[in-house]
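Structure first, commentary second.
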Amino acid sequence: MTEWENVVIELVALAGIIFGAVYVEHWNYLRMQKKTDKATRKKMLLLIKEDLIRKIRFIDDSIQHHDYKPFFTSVWDSVILSGKQTLLEFDLIQNLEHTYSSMKYYNTELQQKGTAGNEQTIKELLVEIRKTVDSSLKIL
């Protein structure tokens, strides 16, 4: 073998080692990212589920005691602001967005019109929100 052939063989071997190392590092990064995303998704779904359960209690108390207060939608807002909604399935995102949007609509109605003379509409909105929350909990 000539000296050039040895250099070519060494360079090909070195290129294979470098390519293999980069491939393994990238594969390991993707594996760790999937693991992290799965854990984040699980925690996020648990947080949303607990929030929706609290919302059901809030709705029941509001109707029972005729004490109409606005909803806090900070849990869903934080999911959206963090950009983590992409970890969820599209149908679930749509459903949760509808649920939390109905809460925001209720808040707007409550703020703009108040409860005086508007109690029946407020109750109807709460019943509709309860249905959307139940639907979301079934999906979760």
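FRET efficiency for the Ser101 to Leu30 pair, using the beta carbon distance and R₀ = 41 Å, is estimated at 0.75. Note on the chain: helix-only mean residue ellipticity at 222 nm, from DSSP H runs of 4+ residues weighted -39500 (n - 2.57) and normalised by residue number, equals -30000 deg cm²/dmol.
Within the stretch 81-128, list the GluC sites (Glu not before Pro) lying in a DSSP loop whose Cβ has at most 15 other Cβ atoms in a 10 Å radius. Those satisfying the criteria are Glu89.
Here, the chain yields an orientationally averaged convex hull projection of 11.5 nm² when only Cα atoms define the hull. Here Lys69 is the anchor, and the lysines within straight C-alpha reach of less than 19 Å, apart from those fewer than 8 places off in the same chain, are Lys55, Lys104, Lys113, Lys123, Lys131. Ranking Pro70, Leu14, Tyr105 by how far each Cα lies toward the positive end of the dipole of the chain (charges on Cβ) leaves Pro70 at the top. Can you list the aspartates and glutamates whose alpha carbon sits under 15 Å from that of Lys84, skipping same-chain ones fewer than 8 residues off? Cross-link targets: Asp37, Glu97. Under the combined filter of DSSP loop state and at most 16 neighbouring Cβ atoms within 10 Å, the stretch 29-134 retains none of its trypsin sites (Lys or Arg not before Pro). With K and R counted +1 and D and E -1, the other residues having a Cβ less than 15 Å from that of Trp27 yield a net charge of +2.
Counting only protein heavy atoms and using a 1.4 Å probe, what share of the accessible area of the stretch 41-139 belongs to carbon plus sulfur, as a whole percent?
55
The values are calculated or read from the model by the stated rules, or taken from the named source; none is laboratory data. Because the structure is a prediction, the values reported are computed rather than measured. Neighbour counts are summed over all protein chains in view; Cβ atoms, including those assigned to glycine, are modelled from backbone coordinates with ideal geometry. Accessible surface is based on the protein model in full, side chains and every heavy atom, while ligands, DNA and RNA are left aside. Shrake-Rupley method; radii C 1.70, N 1.55, O 1.52, S 1.80 Å.
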